[in-house]
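The values are calculated or read from the model by the stated rules, or taken from the named source; none is laboratory data. What you see is a predicted model, and the numbers here were worked out from it, not measured in a lab. Here the Cβ is made from the backbone with ideal geometry for all residues, glycine too, and neighbour counts use every protein chain on show. Remember, those area values only see protein heavy atoms, side chains included, never the ligands or the DNA or RNA. Shrake-Rupley method; radii C 1.70, N 1.55, O 1.52, S 1.80 Å.
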Amino acid sequence: MAAEAEVLDELHRLRARVPQLTGALAASVDGLVLAHDTPGVEPEGLAALTAAALGVAVRMTDTAGRGELRELLLRGDRGYVATYAAGSSAVLTLLAQDRVNVGRLHLEGRRAGGRIGELMDAMPRPDDTAATEARPATRNPARAVARTTSTATAAAASPAPAKATVRSTMPRRTPRATPSRTTPRTTPNAPTTSES
């Protein structure tokens, strides 16, 4: 619990350093709220959507050949939603006004994500020993999200739609029968006779 209080303090300090921030949330990669300072926004819903967006973003960067996902930035007509890796098991999501300096947002978000990651990675968890022996550590938390959400996404996905049949409005063209040519057989250099 001490680590979560320190994470909340970090969120408050971050909002003080960047006045255009309207909210900050630290969550686990599987969408559980760790700490939040998000007035007017439901933190559980935001954490769940962050996990889902990270899963899609990881697959997109893999497909595009851009390497591991570092951060995710969304812009709406009323502001930004930015998500940063915070250690191996957490993410930091920031809500900002439209007039925020995006460079400053990235600078502060990356720093705070690093500090929160250190706090969360140092926090002991009861199942850490069994989990560490069972699988290797994940460097990128977004990759862990992709692994955990891929099975849920596959199960929730509807079956692939049947291929569309394109019907033409043009009349169907039927192949014409080609008449076979019958040519008389002639013997070359044969004398022709004519009767008169």
Leading residue by the ranking (modelled with the highest pLDDT) among those in region 83-100 that are among the small types (G, A, S) and touching a Ser or Thr at 6+ places or on another chain (Cβ under 7 Å)
A96
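Identify, from the list A47, A5, A57, A26, the residue that is in contact with a Leu (Cβ under 8 Å, 6 or more places away or on another chain) and more than 11 Å from T93 (Cα to Cα). Give the steps one after another, and end with the answer.
Values: A47 fails: more than 11 Å from T93 (Cα to Cα); A5 fails: in contact with a Leu (Cβ under 8 Å, 6 or more places away or on another chain); A26 fails: more than 11 Å from T93 (Cα to Cα).
That would be A57, the only listed residue that is in contact with a Leu (Cβ under 8 Å, 6 or more places away or on another chain) and more than 11 Å from T93 (Cα to Cα).
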Reported set for region 73-87 where residues are of a type outside the set (A, V, I, L, M), under 18 Å from the mean Cα position of the chain (by Cα) and either surrounded by fewer than 22 Cβ atoms within 10 Å (Cβ to Cβ) or closer than 15 Å to L107 by Cβ (or both) is R75, G76, Y80, Y84
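Tally time: how many residues in region 11-29 are closer than 19 Å to V81 by Cβ and either among the charged types (D, E, K, R) or in a helix (DSSP H, G or I) (or both)?
Taking region 11-29 first, the residues closer than 19 Å to V81 by Cβ are 11, 14-15, 17-29.
Adding the requirement that they be either among the charged types (D, E, K, R) or in a helix (DSSP H, G or I) (or both) leaves 11, 14-15, 17.
Qualifying residue count, region 11-29: 4.
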If I go through region 22-58 residue by residue, how many of them are among the β-branched types (V, I, T) and out of contact with any strand residue (DSSP E or B) (no Cβ under 8 Å at 6 or more places or on another chain)?
2
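Condition check ((1) open to solvent by less than 40 Å² (accessible area, probe 1.4 Å); (2) touching a residue at least 40 places away in the same chain (Cβ under 8 Å); (3) not in a loop (DSSP other than H, G, I, E, B); (4) not hydrophobic (A, V, I, L, M, F, W, C)) across all residues:
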| residue | (1), (2), (3), (4) |
| --- | --- |
| A35 | yes, no, yes, no |
| V41 | no, yes, no, no |
| L49 | no, no, yes, no |
| G55 | yes, yes, yes, yes |
| M60 | no, no, yes, no |
| L69 | yes, yes, no, no |
Can you give me the number of residues within region 13-27 that are open to solvent by 20 Å² or more (accessible area, probe 1.4 Å) and more than 20 Å from D98 (Cα to Cα)?
1
Taking region 34-68 and keeping only residues that are touching a Pro at 6+ places or on another chain (Cβ under 9 Å) and more than 21 Å from E10 (Cα to Cα), one is left with L54
Residue match in region 75-94 (condition: part of a helix (DSSP H, G or I) and touching a residue at least 60 places away in the same chain (Cβ under 8 Å)):
no
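Given the structure, is G103 part of a helix (DSSP H, G or I) and either at pLDDT 95 or above or buried (at least 23 other Cβ atoms within 10 Å of the Cβ) (or both)?
Numbers: part of a helix (DSSP H, G or I): yes; either at pLDDT 95 or above or buried (at least 23 other Cβ atoms within 10 Å of the Cβ) (or both): yes.
So G103 passes the test.
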